[in-house]
Amino acid sequence: MASFKTYYDEQNLSPMRQLWVLFKQRHPARIGLYLFLLLLVLAVLAPFISPYSPYAHDQTALLLPPAWSDEGKVEYMLGTDDLGRDILSRLMNGASLTFGLSIVSVLIAMAFGLVLGAFAGLSKGVKSSMLNHVLDLALSIPSLLIAIIIVAMLGPGLANTVWAIILSSLPRFVHTIRNAVHDELQKEYAIAYRLDGATMFQVLIHAILPNIFQSIIVVATMSVSNAILDIAALGFLRLGAQAPSAEWGAMVAESLDQLYSAPWTIALPGILIFLAVLSTNLVGDGLASALKRRLDK
Amino acid sequence: MIHYVLRRLFLLLFVLFSLSVLTFSLSFLFPGDPLNNLSGYQEITVNQLAILERKYKIESDYFTQYIAFLRRVFSGDLGISFNSQAPVFEQVNRIFPATVELAVYSLLVSIIIGIPLGIISAYYHRRLPDTVILTTTLVGYSLPVFWWALLIIFTFSLHFGWFPSSGRIGLVYEVPHISGFILVDILRSDIIYKYEALKNALMHMALPTLVLTTYPTTVLIRYTRGSMLNVLETNYIKTARAKGLSPFQVLLHHGLRNALLPVIRLIGLQFSSLITLAMITEVIFSWPGVGRWLIESIYQRDYPAIQGGLLAIATFVIIVTITSDILYKWFNPVSRTQVDGKF
């Protein structure tokens, strides 16, 4: 039953609370959030709850189909691959690699972006304009291309992939934060803060940051979905995570020969990548539209 | 406008300069001897050494070496590949059109499908067609391209056997290499079985194009829809409606031309992401393009080839991006005054 309001009470929620209220009104976004949280829990707990080790071979159970098929065994819920490794365990551990690492690398990129973007937002003149143009251009180059270039320089490997993802998602953060800081500085509440005698640093921390944090979150969500796709694509191209790793893209690459004979070895990791990206996109879309509605109000 | 073009061109020069410095320094950053990495000769004999040292000015300071490097790039000499011992520049030149061809066709398909669907979606805002289209695009947007490609191959190539799954044209057809664009080459050549060859090439092209077009199409639909909705909220649209025009007339005469302006810019930007996605698609479909070539060079640590491939792809992407930026400003005077007034 809808709550009945007798008195008009003004709601003065913090920007983040307001965003949440608007966010949860949209159901697809909420479902996306639940899926996202589920994957996050899986990414953290995978090593403890997966039934087998992702690298353990079972010579007696090669290429078993999933349990619901007639030839499948219930011990191996989602079947096994050509080396007899349990796919369910590999998928669970892959969550911490593909999904977990992309979140971690986006968080690191966000931290760097905050520092660089704040400095850039405070600077003025030709230097700042030049930076803006270069950032514009860096933004228009797809992150995967930047990542491939970086991996080409550093050599293949999961650690290098993470660096590549961090570096390739950095321009977007710097750009957004720079523009946001720049815009907020013009507003009266920021000027009032400065007239009160606050230093630039204090203005940044206490006045500007709480007000731009929501746009940073939106950018971060979008970057996570890009990062998942990039890590998986690099893994698939064998430029990222290497062979025995349970990274989802690398799993698809490893089972490529069995596309026809054992389609589940390719379908399942693909579905998980898809779900991870979809849930992140749903959350990102929901946040972006909530932010837009909040600012329109 | 001239001011803007000049500034963009200056930016282009600056970025190309940084790119060339980066590519040049790669030979020193890659493992191994810089002379090997620059020239591509893996075993250098004593006689060659003197010639190569003179050519690459390896004894002089870095600046002189860099100038020599620029000279060589402009004269089309990127060294030879470690692997095939063939000149890198000629190889890139030969295979680059294949990638561009794939990307251009996919872009065309995505424009033909994406823009009308975006308009329909905006026209039926928050009604059934809109919901269906939006949900579909969200799915298309989230599909990892390599998995989508495998799914398509599994269905159309392995299961039904309708389309070939790899290569550019059947091995029985010998098409002379003129422009590198296979459809053009077939039409211009005078081989027998010309139309069979054309049909065969189109069959080979169908699946990679379908895979590659998915992402830009979804982006175009979403973007066109958003841009259209923004325009439909403006006052001149309300005026047109108040004048008594039907919604369809308003859409056609007032909405469309204003809503499509930002889309032009997006199309230019899409091209660079298409080139990147094309790299993955090429690997899966064994399409003989520059992406597959670059990725194989990375596997084989073929440093001269990596350098050449990176230089070619990055230069191409940057030039396309800046050109589309300039074109957008050209078509859309409103955006010119907004951004350009401030420096």
If you take just the helices (runs of 4 or more DSSP H) that sit entirely in the stretch B:289-343, which of them hold at least 1 residues that are modelled with pLDDT under 85?
-> B:303-331, B:333-340
Take the stretch B:145-157 and flag every residue that is surrounded by 18 or more Cβ atoms within 10 Å (Cβ to Cβ) and of a type in the set (V, I, T).
-> B:V145, B:I152, B:I153
From (1) farther than 30 Å from A:L268 by Cβ; (2) of a type in the set (G, A, S); (3) surrounded by fewer than 17 Cβ atoms within 10 Å (Cβ to Cβ), pick out the condition that doesn't hold for B:A103.
-> (3)
Going through the stretch B:137-176 in order, the residues found to be more than 10 Å from chain A (Cβ to nearest Cβ), out of contact with any helix residue (DSSP H, G or I) (no Cβ under 7 Å at 6 or more places or on another chain) and either in contact (Cβ under 8 Å) with a residue 12 or more places away in the chain or among the aliphatic types (A, V, I, L, M) (or both) are B:L171, B:V172, B:E174
Residues satisfying the stated conditions in the stretch B:158-192, i.e. surrounded by 13 or more Cβ atoms within 10 Å (Cβ to Cβ), modelled with pLDDT of 85 or more and not in a loop (DSSP other than H, G, I, E, B) | B:L158
Scanning the stretch A:247-279 residue by residue, those among the aliphatic types (A, V, I, L, M) and outside any helix (DSSP H, G or I) turn out to be A:L259, A:A262
Looking for whichever is touching a Leu at 6+ places or on another chain (Cβ under 8 Å), within 28 Å of B:S18 (Cβ to Cβ) and free of Cβ contacts under 8 Å to residues at least 60 places away in the same chain here; the options are B:I295, B:I275. Which one fits?
-> B:I295
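Among the residues in the stretch A:117-135, are any among the hydrophobic types (A, V, I, L, M, F, W, C) and within 23 Å of A:A233 (Cβ to Cβ)?
Checking the stretch A:117-135: not a single residue is among the hydrophobic types (A, V, I, L, M, F, W, C) and within 23 Å of A:A233 (Cβ to Cβ).
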Considering every residue within the stretch B:273-295, establish whether at least one is more than 8 Å from chain A (Cβ to nearest Cβ), surrounded by fewer than 24 Cβ atoms within 10 Å (Cβ to Cβ), charged (D, E, K, R) and farther than 21 Å from B:L151 by Cα.
-> no
Residues of the stretch B:12-33 satisfying the condition of being over 15 Å from B:Y62 (Cβ atoms), facing chain A (nearest Cβ under 9 Å) and at pLDDT below 85 = B:F30, B:P31
Find the residue count for the stretch A:282-297, including only residues that are in a helix (DSSP H, G or I) and either buried (at least 20 other Cβ atoms within 10 Å of the Cβ) or of a type in the set (K, R) (or both).
-> 10
Scanning the stretch A:100-121 for residues that are within 13 Å of A:I212 (Cβ to Cβ) and more than 14 Å from the chain's Cα centre (by Cα), the one surrounded by the most Cβ atoms within 10 Å (Cβ to Cβ) turns out to be A:G113
Does any residue of the stretch B:245-253 turn out to be more than 24 Å from the chain's Cα centre (by Cα), surrounded by fewer than 16 Cβ atoms within 10 Å (Cβ to Cβ) and in a loop (DSSP other than H, G, I, E, B)?
-> yes
Go through A:A241, A:A232 for me and flag whichever is in a helix (DSSP H, G or I), buried (at least 24 other Cβ atoms within 10 Å of the Cβ) and in contact (Cβ under 8 Å) with a residue 24 or more places away in the chain.
-> A:A232
Among the helices (runs of 4 or more DSSP H) confined wholly to the stretch B:1-77, which include 1 or more residues that are under 28 Å from A:M130 (Cα atoms) and free of Cβ contacts under 8 Å to residues at least 40 places away in the same chain?
-> B:2-29, B:62-74
Helices (runs of 4 or more DSSP H) contained entirely in the stretch A:124-228, each with at least 1 residues that are within 14 Å of chain B (Cβ to nearest Cβ) and modelled with pLDDT under 90 = A:126-140, A:143-154, A:158-186
Within the stretch A:247-255, can one find any residue that is under 25 Å from A:S14 (Cβ atoms), touching a Gly at 6+ places or on another chain (Cβ under 6 Å) and among the aromatic types (F, W, Y)?
-> no
Can you work out which of the residues in the stretch A:78-120 that are hydroxyl-bearing (S, T, Y) and assigned to a helix (DSSP H, G or I) is nearest to A:F274 (Cα to Cα)?
-> A:T98
Mind listing whichever residues of the stretch B:243-276 are more than 30 Å from A:A147 (Cα to Cα) and among the small types (G, A, S)?
-> B:G244, B:S246, B:G255, B:A259
Pick from the stretch A:246-289, criterion among the acidic types (D, E) and touching a Leu at 6+ places or on another chain (Cβ under 8 Å), ranking: farthest from the other protein chains (Cβ to nearest Cβ) = A:E247
Residues of the stretch B:177-222 being of a type in the set (G, A, S) and over 29 Å from B:L158 (Cβ atoms), which ones?
-> B:S179, B:G180, B:S189
Answer with yes or no whether B:F316 is over 29 Å from B:G40 (Cα atoms) and more than 9 Å from chain A (Cβ to nearest Cβ).
-> no
Please state which of the following conditions B:L134 fails to meet, knowing it meets all the rest: (1) hydrophobic (A, V, I, L, M, F, W, C); (2) facing another protein chain (nearest Cβ under 10 Å); (3) over 29 Å from B:S227 (Cβ atoms).
-> (3)
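The values are calculated or read from the model by the stated rules, or taken from the named source; none is laboratory data. Note that the structure is a prediction, hence the values are computed from the model and not measured. Every residue, glycine as well, gets a Cβ built from its backbone with ideal geometry; the counts of neighbours run over all protein chains shown.
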